[in-house]
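Input: a single structure, listed below in structure tokens.
The values are calculated or read from the model by the stated rules, or taken from the named source; none is laboratory data. These numbers were taken from a predicted model, which means no experiment stands behind them. Note that we place each Cβ from the backbone using ideal geometry, even for glycine, and neighbour counts take in every protein chain shown.
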Amino acid sequence: MQNNFWKNKNILITGYEGFVGSHLTLALLQYQANVFGLDILTRRKNTILTNDSSKINIIKGSVADYDLVYKIIIQNKIEFIFHLAATSLVGEALADPLETFSTNIRGTWNILEASRHSKFTKGAIIASSDKAYGIKNKLPYREDSSLCGCHPYDVSKSCADLLAYTYFHTYGLPVCITRCGNIFGPGDFNFSRIVPDAIRSIIKNKTLIIRSDGKFTRDYIYIKDIISGYLLLAENMQNLKISGEAFNFSNESPLSVLELVKIISRLSGKQKPNYKITNQAKYEIKYQYLSAAKAKKILKWRPHHKLEAALKETIKWYQDYFAKRS
Ligand SMILES: NC(=O)c1ccc[n+]([C@@H]2O[C@H](COP(=O)([O-])OP(=O)(O)OC[C@H]3O[C@@H](n4cnc5c(N)ncnc54)[C@H](O)[C@@H]3O)[C@@H](O)[C@H]2O)c1
């Protein structure tokens, strides 16, 4: 972390109340940045930002609204943008492709186009995803793999990713792209994701429903390592001349869903995991994990959190959260 890099800088975080956005907001407030947060849902009940909202310039609205995005970026002299707003769940994207394409694709071109017209933009970090690559036989996925999602969420991320690429290559906009695997940690209220769902099922003594056959593999990475990656990327865009580049962030240790569930059960003190396999998952990539060699080499980024220790912290956080609600 560069000393004072973020102090008094005007930063826009889209989707600031989401899982990644709320952690990034907290980190940037800690570094004394002026955070402008845009989200369609603001001041929600389930957020880790409750005590900090007075320090955020909160804007309720959609990234799909170009006039709003333009106004925010120009009027507030935004220097860095972290574009995280998205329909972020594969299932939701499948159920509502139009909303997904509007937010994830139109929202991204709005951010890029407005940034292009601003003389204040120093960097835009666009959240793509491991899903942007689509299905590949060769593992791990590397940044030079082609982008060819097949289903709504995946395609929306392939498109957003390519849009970011063109805004650098055509207009010279300082843009970087992140492609992460499955992020987990405190404050993820998306309970259809496997880590929060598995922990909640254990805490509530319920059977965990596994939608796949349990053998799908992913890499799982702790939110704190992702936040350090995002910040490192933005801080180094200029000096490392990495605009237009995409970076994978991963701990390069793929696990099957069943392996993950067994670890979570053991760390929660359960002898035997309680789950039911329904094998209903459709349109999901089966085997996927990322190489983080590029981020390690160029950014000197490292994941500092070991999976089991990070899962333990996460389990404890959910235990406290559910205890307060009961
Ligand atoms: N969490 C992961 O495992 C993961 C992995 C790879 C990529 N990503 C990407 O990282 C980003 C952040 O993910 P997350 O886990 O925080 O997701 P999230 O769903 O928790 O947060 C997304 C936020 O965007 C907001 N939003 C949705 N539509 C909007 C719109 N039209 N205008 C403004 N705000 C809108 C939501 O209200 C939410 O607060 C997303 O782009 C996601 O696709 C996440």
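Anything in the range 118-167 that is more than 18 Å from Phe249 (Cα to Cα), free of Cβ contacts under 8 Å to residues at least 40 places away in the same chain and polar (S, T, N, Q)? List them, or say none.
Across the range 118-167, the qualifying residues are Asn137, Thr166.
Can you confirm whether Ser158 is within 15 Å of the ligand (Cβ to nearest atom) and at pLDDT 95 or above?
Values: within 15 Å of the ligand (Cβ to nearest atom): yes; at pLDDT 95 or above: yes.
Taking the combined requirement at face value, the residue satisfies it.
Looking only at the range 157-200, which residues are in contact with a Ser or Thr (Cβ under 9 Å, 6 or more places away or on another chain) and of a type in the set (Asp, Glu)?
The answer is Asp161, Asp188.
Which ones in the range 140-175 are touching a helix residue (DSSP H, G or I) at 6+ places or on another chain (Cβ under 8 Å) and small (Gly, Ala, Ser)?
Ser145, Ser146, Gly149, Ser156, Ser158, Ala160, Ala164
Report, by residue number, each residue of the range 101-120 that is in contact with a strand residue (DSSP E or B) (Cβ under 7 Å, 6 or more places away or on another chain) and either polar (S, T, N, Q) or over 17 Å from Ala64 (Cα atoms) (or both).
Once the filter is applied, which keeps residues that are in contact with a strand residue (DSSP E or B) (Cβ under 7 Å, 6 or more places away or on another chain) and either polar (S, T, N, Q) or over 17 Å from Ala64 (Cα atoms) (or both), the range 101-120 yields Thr108, Ser115.
What pairs come up if the first residue lies in the range 185-196 and is within 9 Å of the ligand (Cβ to nearest atom), the second is assigned to a loop (DSSP other than H, G, I, E, B) and polar (S, T, N, Q), and their beta carbons are under 6 Å apart, counting only those six or more places apart or on different chains?
Partner pairs satisfying both residue conditions: Phe189/Asn46.
Can you name the residue in the range 135-151 that is touching a strand residue (DSSP E or B) at 6+ places or on another chain (Cβ under 6 Å) and in a loop (DSSP other than H, G, I, E, B) and is also nearest to the ligand (Cβ to nearest atom) among such residues?
Gly149
For the condition aliphatic (A, V, I, L, M), crowded, with 24+ Cβ neighbours inside 10 Å, at negative phi and part of a helix (DSSP H, G or I), what is the one hit in Ala124, Ala85, Ala132?
The unique qualifying residue is Ala132.
Do we have any residue at all in the range 205-224 that's within 16 Å of the ligand (Cβ to nearest atom), assigned to a helix (DSSP H, G or I) and within 19 Å of the chain's Cα centre (by Cα)?
Yes, because at least one residue in the range 205-224 is within 16 Å of the ligand (Cβ to nearest atom), assigned to a helix (DSSP H, G or I) and within 19 Å of the chain's Cα centre (by Cα).
Exactly one condition in (1) closer than 23 Å to Trp6 by Cα; (2) more than 9 Å from the ligand (Cβ to nearest atom) is not met by His83; state its number.
His83 satisfies every listed condition except (2).
Of the numbered conditions (1) β-branched (Val, Ile, Thr); (2) within 26 Å of Pro186 (Cβ to Cβ); (3) in contact with a strand residue (DSSP E or B) (Cβ under 7 Å, 6 or more places away or on another chain); (4) buried (at least 20 other Cβ atoms within 10 Å of the Cβ), Ile73 fails exactly one; give the number of that condition.
(2)
Report whether or not Ile227 is assigned to a helix (DSSP H, G or I), touching a His at 6+ places or on another chain (Cβ under 6 Å) and buried (at least 17 other Cβ atoms within 10 Å of the Cβ).
Criteria met by Ile227.
Can you pull out every residue in the range 88-121 that is of a type outside the set (S, T, N, Q) and in a loop (DSSP other than H, G, I, E, B)?
Narrowing the range 88-121 to residues of a type outside the set (S, T, N, Q): 89-99, 101, 105-107, 109, 111-114, 116-117, 119-120.
Of everything in the range 88-121, those that are of a type outside the set (S, T, N, Q) and in a loop (DSSP other than H, G, I, E, B) turn out to be Leu89, Asp96, His117, Lys119, Phe120.
Being touching a residue at least 12 places away in the same chain (Cβ under 8 Å), under 13 Å from Leu12 (Cα atoms), among the aliphatic types (A, V, I, L, M) and within 12 Å of the ligand (Cβ to nearest atom) narrows it down to one residue among Leu49, Leu38; which is it? Please lay out each step first, then the result.
Details: Leu49 fails: under 13 Å from Leu12 (Cα atoms).
Result of the check over Leu49, Leu38: Leu38.
Mind counting the residues in the range 3-48 that are surrounded by 22 or more Cβ atoms within 10 Å (Cβ to Cβ), touching a Lys or Arg at 6+ places or on another chain (Cβ under 8 Å), farther than 15 Å from Ile81 by Cβ and not acidic (Asp, Glu)?
The qualifying residues number 1.
With respect to Lys324, determine if the residue is at pLDDT below 95 and part of a helix (DSSP H, G or I).
Here the answer is yes, as Lys324 does meet what is asked.
How many residues does the range 1-35 contain that are more than 10 Å from the ligand (Cβ to nearest atom) and within 18 Å of Gly185 (Cβ to Cβ)?
6
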